[in-house]
Every structure is written in structure tokens, then in C-alpha cells.
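Trainee: Once you've had a glance at the structure underneath, I'll fire off some questions.
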Amino acid sequence: MTVIDEQVLQLDPEEARRVRQEQFERIGRWVLPLAIMILAICLWDRICVWNEIPQYILPRPGVVLQTLFNDAGLLFSSLLVTLRITFLSLVLAVIGGVGLSVLFTQSKWVEMSFFPFAIVLQVTPIVAIFPLINIYVNNQTTKLLLCAWIVAFFPILSNTTLGLNSVDRNLRDLFKLNGATRWQQLRYLRLPAAMPYFLGGLKIAGGLSLIGAVVAEFVAGTTGQSSGLASRIIEAGYRLNAPRLFAALFLISLTGILIFLVLSLISHLILRRWHESALKQER
Amino acid sequence: MIGEKVARAPASDVAPTLLALRGVGKVFSNGVTALSAVDLTIREGDFLSLLGPSGCGKSTALRLIAGLSTPTSGVLDWRGGGSLDRANIGFVFQEPTLLPWASVFDNVWLPLRLKGISRARAAPAITQMLARVHLTGFEDAVPRELSGGMKMRVSIARAMVTKPRVLLMDEPFAALDEITRFKLNNDLLELWQDERFTVVFVTHSVFESVFLSNRVVVMAARPGRVFDELAIEASYPRDEVFRTSPDYAALCRQASDVLVNAINSTAGTHHDGH
């Protein structure tokens, strides 16, 4: 190694500390939560053993895992049902949310007239609306979809509307100067400018559509009309089958996490080149 | 106050009129008079600077010329009557105002794209324009990867890619450091001499206006109005030699004196400078 190389590598104490700190943080971001998780599971297991808690009240983690394998057929077919509702309602939320927000930005009058109704729809608890939907809608899937959609579409609508309206004033003037049509302004300026806002809304809506689907199944499930994961939970609750209850719960959580990660990845891939939120921090 | 040296530039006199502002005024809805009875003749091939303190309505005047705003009183008389086709106006804002998600190439393509010209058909013009502003090789970069000066070059390329007859610039270099600003001044002048378009350049820098223009229109505030006009007779091309010449210094001094008078003419009101 030459003298110059050594000089390059010779960091002053402050920089060296900063490099160490960064390394720790990079590792800690994964290791710490994982360690806490494992610790909590171990503790859970020990508590069950020490207190001799019966399986129908609190099953040991190993039993839950065992159930996950034993009941895999039942649980995963239910998961598929829930996933289908979640995914479809998210797609509909995107179409409805973006469609409505585009409509709103085309005319201030439309926005002023209809935005309050969207808020009313959002703030009314879905559980309270469901009995009405149950009366008016016959088809089971439609019922659940409608519920999940009502819960999920609002963040997309409100975020995209905000994004479409926060276009740089000068850019708007530029388009005007170049004789852009309304459609061109929407296509080349407003929609791309709203993309970061839309993706933010999508991340929230992804989680909400799962919650909406599960809540809707819960309400429908009490009348024995559903076959999703929520109905498995209710069923297991009635039968004091706590291991299966935990296993179903675990699957729902996992699904939520996966949805969030996938949407975060999509968001990152779209924004990474130009938007502040996706940029690596540079010193 | 206008010295002997600063007479009307003869070249400018013989050029045909492109645009005449007659008694143009603008009053905003909040009652502020941004511009009051402006008379101004812009000739073909002029490099005309609107110089003045903040609040003198120079930017408002530029927006009126661009058609982004309509005058409360008076008329803008484009040669041959009526307003100039918007395709014939290029506009450069104070900020680069680029599409952050689009590449340099696509940003310059934008005005042509809005006219329905495909990327392939626009490519030669875009490539040529990028070469003119010394950005060859940066076609695929996005704005955030560029320095402030380079972003401004993209902005100028975008304004010029439609080959406009008039280039309107609203304090385009105000946010740049001096070295970059000088460089862009030189490049802009070179472009202007080659293509012979007309420039209306809003600035609050005496030095910049004198260096660039053949005419400096000094404006005063409250209400915004034309205070005086100076012809800058120094010949083109102007370069770094001109920037350090005694002639340039003397012209700057004269313009500065006029500007001070313009600022003082706003009697009894506090002026916050710039």
C-alpha cells in the first residue's frame, strides 16, 4: 500500500466516528426490530409454559406455526378470498379516486359541490353503513367490494386532488404560452406533478383496502355469508380454536406488510430519479 | 441626465417597429397600480432591458407582452396589428421552471410536443438547440442532476427551440453566481447575434443590462412607469474585454445615475432596495 493510499484512508476522528455510526445504523435497522421480535416470541412462549396457560386461551408460538401448516389449505383458500376483495377494491379505489380528482380539478364548481360528500362518506364508520349495503346489494362480492372501496378511495382522492392542484405557477404559464389544451395540460403537467401525492395516497389506501375487506367480511361473516380470513377468525373464536385464530391473524398482518412493501417499492421505482422523497441523502 | 455619449443607437432607429405599447396600464383587483401609462416601442432585433427597483412593474410589463395578462388600459400594438402568434414568443422565467420528471431532451421537446410534433421529428431541432447552449451530452439527465446554470441553459433552449421572434426573459440569471452569470450573458449575446431575434430582458442589475442591451429602459415604482431610456452605443460583439473596458464602466455609471434618480422619484415612500 502506498503512502497516498494510506492518506486517503486516514480519516479524522470525527469522520471515522460518522462512518462507524452509519454502519451501525445500517445493520441496526434490520437487526434491532428482528431481535426484539424474537425476544417477544420467546417471552410469549415462556409465559405460556410458566403459567401453564391452556392452549384455547393463549397457544404457544410453536403451536400457532404448527396450525399454520396443518390448516394451510383452509387458511390459504380464505386468504385468497380476502386478497381478491382487497386487490379489486384497491384497483377500484385507484380508478375512482383518480377519476374523481381529475373531474374535480377540471371544474372548481364540481369540486365545491361534491367534495363534501366524499368527506361524509369517509368519516362515517363503514361498520355503521354496512347494514344498509346489506339491504340494497344482493351479490356477496359486490357488497364486500363496495365496503372496502368506500374505506380505501378517499386517501387517493384527497391526495391526488392536492397534487393536481399544486402545480408550479410558472409551469402553468409556460403551458398557456405554448397554447396547451386542457388535455395536454392534464397529461403532460398535472398528472405527472400529482404522481408523488398519488403514490402517497396509494400507500395508505393499500392498507385501508385490506382493513376494509376484513371489516366487511367481519360484518358479513356474522350472518355466515363470507369465506374470507375474517370469517375463519370468527369461526375459530366461536370454537375456542385460539391457534387457528392466531394463525389467521398472522396471515392478515403479513398480507398488510407485503402490500405496504410492494407499494413502497413501486413508489420508489417511479420517483427515484426526480422526487425529493426518493433521493438518497447527500451530505 | 443623459450624457452626450448616450444617444439613440442609430441601428435601432432604422429597424422596423415590432411592438408598440401605448398608454398601457395595469391595475390589480386589490387596487394596486402595477403599471401606469407606459409608452414603449420595441424594434425588430432590439436587445431591450427593463431596469428598475422591485415593484416598478417590469415583470408585469413582460407578462402583458407575453399575453399572460391583459392590460387595464392602453393597447399593445404588434406590427401588422393584432397579437403575435404565441409560437413566436419564447419566455424564460426567473427560475428554470423545468419539468422535474422529464429529461433535458424531453424538457426542450415540450413546446414542440404541445404543437403535436413527435419526438423523432423534433429531435434534430432539439439536438441543435442543446448544442447551442453547450449541453450536448446531457440529453438524458434530469433537472435535479444539473447545476443552476445548466438548468437555466435548458430553460433558454426550451424557449428558443420554436425559433421565436421575441424572447422574453424575467430576471433569468438573478439567482446564479456571478461567474455563471457572466458566462450565460456571453452565450446569450452570441445566440442573439447569430439568430437576430428580439429580446426583452427584465433585470434589476445595472451591470447586466448595460452589458447585454442596446437599449436600457429605466422604470420607477409606485406607480410602475417608464422613467427614462438609455441607448447603449457600444458595438457588438461584446465580450470579456468590453466587460473590463472604461467605456463599459462609464455606461454603467450613467445607467446607475438614472436608476438612482428613478428610485428617488418615488417620493415620500420607503424604498427597500434589492
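Taken together, the values in this text are just the output of simple stated rules run on the coordinates, not laboratory data. This is a predicted model, so every value here is computed, not measured. Quick reminder, even Gly has a Cβ in these numbers, built from the backbone with ideal geometry, and neighbours come from all protein chains shown.
Trainee: Once fully extended, how much extra length lies between A:Ile47 and A:Tyr136, figured as 0.36 nm per residue of separation less the alpha-carbon to alpha-carbon distance? List each step's numbers first, then the result.
Mentor: Working: separation 89, 0.36 × 89 = 32.04 nm, distance 4.84 nm.
The span from A:Ile47 to A:Tyr136 would gain 27.2 nm if fully extended.
Trainee: Separate question: Return the distance in nm (one decimal) between the two label points of a simple spin-label model at B:Arg196 and A:Leu34, each offset 7 Å from Cα along Cα→Cβ.
Mentor: 7.2 nm
Trainee: Computed FRET efficiency, Cβ-Cβ of B:Val27 and B:Ser265, R0 22 Å: what is it to the nearest 0.05?
Mentor: It comes to 0.65.
Trainee: Next up: Take the Cα pairs of chain B, get the Kirkwood Rh, then feed it into Stokes-Einstein at 37 °C and 0.692 mPa s and tell me D in µm²/s.
Mentor: D = 170 µm²/s.
Trainee: Continuing with the same structure: From the Cα gyration tensor of the stretch A:76-179, with a ≥ b ≥ c the square roots of its eigenvalues, which class applies: rounded if a/c is under 1.5, or else prolate if a/b is larger than b/c, or else oblate?
Mentor: Here the stretch A:76-179 falls in the prolate category.
Trainee: Would you mind computing Rg(Cα) / (2.2 N^0.38 Å) for the protein assembly as shown, counting N as its residues?
Mentor: Rounded to two decimals, the normalised Rg is 1.36.
Trainee: Continuing with this model, one more query. Out of all DSSP beta bridges with both ends in chain B, state the antiparallel percent to the nearest 5. Don't skip to the answer; put the middle values down first.
Mentor: Details: 18 of 36 bridges.
For chain B, the DSSP antiparallel bridge percentage is about 50.
Trainee: How tilted is helix B:246-265 with respect to the longest principal axis of chain B? Cα atoms for both, answer in degrees (0 to 90, nearest 10).
Mentor: Tilt relative to chain B: about 60 degrees.
Trainee: Calculate for the protein assembly as shown the 222 nm mean residue ellipticity that helices alone would give, adding -39,500 (n - 2.57) per DSSP H run of length 4 or more and normalising by residue count, nearest 500 deg cm²/dmol.
Mentor: For the protein assembly as shown, the value works out to -19500 deg cm²/dmol.
Trainee: While we're here: What is the sum of charges around B:Val104, taking Lys and Arg as +1, Asp and Glu as -1, for the other residues whose C-beta is under 12 Å from the C-beta of B:Val104?
Mentor: Overall, the nearby charge balance is 0.
Trainee: Using a 10 Å cut-off around each Cβ of peptide B:200-213, what is the average number of partner chain Cβ atoms that fall inside?
Mentor: Other-chain Cβ atoms within 10 Å of each residue's Cβ, averaged: 0.
Trainee: Looking at chain A from every direction and averaging, what is the projected area of its Cα convex hull in nm²?
Mentor: Mean orientational projected area (chain A, Cα hull): 24.5 nm².
Trainee: Now for a different question. Of the listed pairs B:Lys26/B:Lys183; A:Lys108/B:Lys151; B:Lys115/B:Lys163; A:Lys176/B:Lys26; A:Lys108/B:Lys115, which have alpha-carbon separations greater than 25 Å here?
Mentor: Where the Cα-Cα span goes over 25 Å, the pairs concerned are B:Lys26/B:Lys183; A:Lys108/B:Lys151; A:Lys108/B:Lys115.
Trainee: Between the stretch B:124-189 and the stretch A:86-109, how far is it from one alpha carbon centroid to the other, in angstrom?
Mentor: 38 Å
Trainee: Let me ask another. Order by neighbour count: A:Ile150, A:Ile47, fewest other Cβ atoms within 10 Å first, most last.
Mentor: Arranged by neighbour count, lowest to highest, A:Ile150, A:Ile47 become A:Ile47, A:Ile150.
Trainee: May I pose another question? With both partners inside the protein assembly as shown, how many of the DSSP beta bridges are antiparallel, as a percent to the nearest 5?
Mentor: 50 percent
Trainee: Where a Cα-Cα gap under 16 Å defines reach, which aspartates and glutamates qualify for B:Lys58, not counting those fewer than 8 residues away within the same chain?
Mentor: Within the straight-line limit of under 16 Å, B:Lys58 reaches these aspartates and glutamates: B:Asp39, B:Asp170, B:Glu171, B:Glu208, B:Asp228, B:Glu229.
Trainee: Quote the convex hull volume per residue of the stretch A:1-109, based on C-alpha atoms, as a whole number of Å³.
Mentor: Working: hull volume 39.9 nm³, N = 109.
Spelled out: Cα convex hull of the stretch A:1-109, divided by residues, is 366 Å³.
Trainee: Still on this structure: Roughly how tilted is helix B:104-113, in degrees to the nearest 10 and between 0 and 90, from the longest Cα axis of chain B?
Mentor: Long axis of B:104-113 versus the principal axis of chain B: about 80 degrees.
Trainee: Let me ask another. Taking Cα atoms, how many degrees apart are the long axis of helix B:119-132 and the longest axis of chain B, rounded to 10 and kept between 0 and 90?
Mentor: Computed tilt is about 50 degrees.
Trainee: Moving on to the next point. Within 10 Å of each Cβ of A:172-185, how many other protein chain Cβ atoms are there on average?
Mentor: For peptide A:172-185, the averaged partner shielding equals 5.
Trainee: Same structure, new question: Can you list the DSSP H helices in chain A whose Cα atoms extend at least 18 Å along the helix axis and whose mean Kyte-Doolittle hydropathy is 1.0 or higher? If you can, show how the numbers build up before the last one.
Mentor: Numbers: long enough: A:13-50 (50 Å, 0.20); A:72-106 (49 Å, 1.86); A:108-123 (23 Å, 1.17); A:140-165 (38 Å, 1.03); A:191-221 (42 Å, 1.41); A:242-271 (43 Å, 2.19).
Span-like helices, by this rule, are A:72-106, A:108-123, A:140-165, A:191-221, A:242-271.
Trainee: Using the Cα atoms as the points, what is the convex hull volume per residue of the stretch A:3-50 in Å³?
Mentor: So the per-residue Cα hull volume is 92 Å³.
Trainee: Something else now. Around B:Ala174, with a cut-off of 13 angstrom between Cβ atoms, what is the net charge of the other residues, counting Lys and Arg +1 and Asp and Glu -1?
Mentor: Within the 13 Å Cβ shell, the charges total -4.
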